[in-house]
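The next block holds one structure in the form of structure tokens; read it before the comments.
Rule-based calculations on the coordinates, nothing more; no lab input. These numbers were taken from a predicted model, which means no experiment stands behind them. Glycine also receives a Cβ, built like all others from the backbone with ideal geometry; neighbour counts cover every protein chain displayed.
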Amino acid sequence: MRRPTVFITRRIPEEGIRIVASFCEVEVSDFDGVLPRKMLLEKVQGKDGILCLLTDTIDREVMEAAGPNLKVIANYAVGYNNIDVEEATRRGIMVTNTPGVLTETTADLAWALMMSVARRIVEADRFVRAGKFRGWEPMLFLGTDVYGATLGIVGFGRIGQAMARRALGFDMTVLYYDLQRVPEEIERQYRARFVPLPELLQTSDFVSLHVPLTKDTYHLIGERELRMMKQEAYLINTARGPVVDEKALVRALREGWIRGAALDVFEREPEVEPELLELENVVLAPHIGSASYATRTKMAEMAAENLVKALQGEIPPNLVNPEVLKGRAHRGLS
């Protein structure tokens, strides 16, 4: 019996590769970095499954290159805006993701960024390393208190609620905005209050973004929204880069519309708006929200299990497009 063939677009933790290799013939990209388009199109040819990263654009052209054997695209991420899910569904291809596993780790990183920019940790570190520290000074690197401040959370899903849970320990006032209000018991649990986005922006000391990237959230935070924020406020983005208009953010930071920002994601990754690199009042991280040993390993295992289940003819546990099952049954596919 022929073993299914799988291409993994970039090396992931070995635990995930072993799960795939136990059932499939697997090829792992040995390219150092994001696979160039031409190589991606060559490598997926004839494959039954693709395990890809958020940095891989899996569109109609890639699915066409893979051919009729392609049954599953397993994304090594929670988000899946890199995949044309509608096209995959039309072709009877299952798409999976890795939800839940990175909630606490990403919230940890968002909290760390908030603390770092508020207390100017990165600036202070560079100052010491440059040999400029001459001893305690009363006005040296004055920052902003986090304890007792107001935290505005935009997107109150798993990660947004995890941020609210951390805010309890800092006795913060928690405001949140989402398309839908959460049940009252959740609001009580986190002492969180639902408000319209303009009110959240106008009253929060820290605004933390936790929304998916959709056509409605593209540039959700632009010039209009940044001008609504307090001059003493900070913007934290660990969601998706294009949620923020980076050129408007540069102006806001340069001209003092807000006091600072901390970003783990960027509008045109891996490119970073050049002017952001020149500013002291912004902390920049290279998309490491889920980057802990335990979380990245669990993501690899989850993505691998999704892929193997699909290739075994079962319903994978984290199926993004369940409507594909009806279409596959209609076409007589297993």
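Quick notes on this one:
- For the range 112-138 and the range 146-189, distance of Cα centres in Å: 29
- Where GluC sites (Glu not before Pro) fall in DSSP loop in the range 270-316, at most 12 other Cβ within 10 Å: GLU280, GLU314
- For the chain, share of DSSP beta bridges that run antiparallel, in % to the nearest 5: 5
- Using a cutoff of 8 angstrom between alpha carbon atoms and counting only pairs six or more residues apart, the relative contact order for the chain works out to 20 percent.
- Nearest 10 degrees, 0 to 90: helix 158-168 Cα axis against the chain principal axis: 30
- Charged-residue dipole, Cβ positions (Lys, Arg, Asp, Glu), the chain about Cα centre, Debye nearest 20: 460
- Remark: the range 2-13, residue by residue, has Karplus-estimated 3J(HN,Hα) of 5, 7, x, 10, 9, 10, 9, 6, 7, 5, 10, x Hz, where x stands for each Gly or Pro and the curve is 6.51 cos²θ - 1.76 cosθ + 1.60 at θ = phi - 60°.
- Extension gain from ALA65 to ARG11, taking 0.36 nm per residue of separation minus the Cα-Cα distance: 17.3 nm
- Fewest neighbouring Cβ atoms within 10 Å first, the residues MET228, MET139 line up as MET139, MET228.
- Members of LYS215/LYS247; LYS71/LYS326; LYS43/LYS71; LYS47/LYS309; LYS38/LYS215 lying beyond 23 Å, as alpha-carbon distances in this model show: LYS38/LYS215
- Share, in percent, of DSSP beta bridges within the range 153-274 that are antiparallel, nearest 5: 5
- Full-stretch length increase - ARG129, HIS219 - with 0.36 nm per residue and alpha-carbon distance subtracted: 28.8 nm
- Angle in degrees between helix 293-311 and the longest Cα principal axis of the chain, rounded to the nearest 10: 30
- For LYS298, the aspartates and glutamates whose Cα falls under 19 Å of its own Cα, not counting residues fewer than eight places away in the same chain, are GLU14, GLU15, GLU104, ASP108.
- Computed helical MRE - 222 nm, the chain, DSSP H runs ≥ 4 contributing -39500 (n - 2.57), nearest 500: -10500 deg cm²/dmol
- Karplus 3J(HN,Hα) series, Hz, for the range 267-274 with 6.51 cos²θ - 1.76 cosθ + 1.60 (x for Gly, Pro): 5, 10, 3, x, 6, 10, 3, x
- Extension gain for the segment GLU185 to LEU140, taken as residue separation times 0.36 nm less the Cα-Cα distance, is 11.8 nm to one decimal.
- Label of the coordinate-derived value, mean projected area of the Cα convex hull in nm², listed as (i) 20.7; (ii) 19.2; (iii) 16.6: (ii)
- Look at SER292, SER22, SER116, SER208 and count the other Cβ atoms within 10 Å of each Cβ; fewest to most, that gives SER22, SER292, SER116, SER208.
- Loop-located trypsin sites (Lys or Arg not before Pro) in the range 209-298 whose Cβ has at most 13 other Cβ within 10 Å (DSSP): LYS215
- Whole-number percent relative contact order across the range 103-284, with pairs defined as alpha carbons under 8 Å at least 6 apart: 21
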